[in-house]
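*Asks:* One structure coming up, written as structure tokens, with questions to follow.
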Amino acid sequence: MTAPRTVLAASLKPILPKSWAIVESARTVDDIPTTVVQIIQRTITRLPAAPIGRHFVGMTLMISVPEQSMKHAEDTLDEQVDDFIHALDSIGIAWSNAEKVQTKGSKRIAYQITVNVISNKE
């Protein structure tokens with residue numbers, strides 16, 4: 001069975017600018033000099049109305065930018081997060097919330113976007 005994070009990463013790759021990096025873990029990304037989308041799996045919940053083998057997988061998508069100046073970083077991030085959530089909408093990824101945060105252990109600012117995907121048993 002392919003991990004839901006991997007499937008989501010593959011879905012995001014064609015809709016994001018080629019210069020953006022996709023990271024499939026919660027590691028620190030200060031050393032990446034471009035916009036980063038991290039995929040962090042948080043929860044798995046049984047899908048009560050579905051047959052056995054289908055689950056909601058709760059994930060956080062964190063989009064962050066590398067700029068040193070807080071003003072420039074915020075301007076860039078505010079523009080890019082808007083593009084990002086519209087890209088999610090275009091491929092049918094349901095997101096519920098986007099919250100601006102300071103990334104843990106990093107100097108980058110980011111938006112954390114909560115999404116749920118459904119995993120299926122193969």
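The values are calculated or read from the model by the stated rules, or taken from the named source; none is laboratory data. As the structure is a computational prediction, the values presented were derived from the model and not from experiment. So basically every Cβ, Gly included, is an ideal-geometry build from the backbone, and we count neighbours across all protein chains shown. Surface areas here come from the heavy atoms of the whole protein model, side chains and all, with no ligands, DNA or RNA. Shrake-Rupley method; radii C 1.70, N 1.55, O 1.52, S 1.80 Å.
*Asks:* Report whether or not Ala73 is open to solvent by less than 10 Å² (accessible area, probe 1.4 Å), over 20 Å from Ala26 (Cα atoms) and not charged (D, E, K, R).
*Replies:* Yes: the conditions hold for Ala73.
*Asks:* Additional query: Out of Val57, Val37, Val65, I need the residue that is more than 22 Å from Ala10 (Cβ to Cβ), in contact with a helix residue (DSSP H, G or I) (Cβ under 7 Å, 6 or more places away or on another chain) and in contact (Cβ under 8 Å) with a residue 24 or more places away in the chain. Which one?
*Replies:* Answer to the selection: Val65.
*Asks:* Further question: Pick from region 86-115 the residues that are exposed (fewer than 11 other Cβ atoms within 10 Å of the Cβ) and of a type in the set (Ser, Thr, Tyr): which of them is farthest from Gly58 (Cα to Cα)?
*Replies:* The qualifying residue farthest from Gly58 (Cα to Cα) is Ser90.
*Asks:* Continuing with this model, one more query. Right, Gly53: at pLDDT below 90 and on the phi > 0 side of the Ramachandran plot or not?
*Replies:* In short, yes.
*Asks:* Also, quick follow-up: Tally up the residues in region 9-23 that are under 21 Å from Lys121 (Cα atoms) and either free of Cβ contacts under 8 Å to residues at least 40 places away in the same chain or open to solvent by 70 Å² or more (accessible area, probe 1.4 Å) (or both), please.
*Replies:* Qualifying residue count for the region: 2.
*Asks:* Listed residues Thr35, Thr6; which is open to solvent by less than 70 Å² (accessible area, probe 1.4 Å), closer than 30 Å to Lys121 by Cβ and not hydrophobic (A, V, I, L, M, F, W, C)?
*Replies:* Thr6
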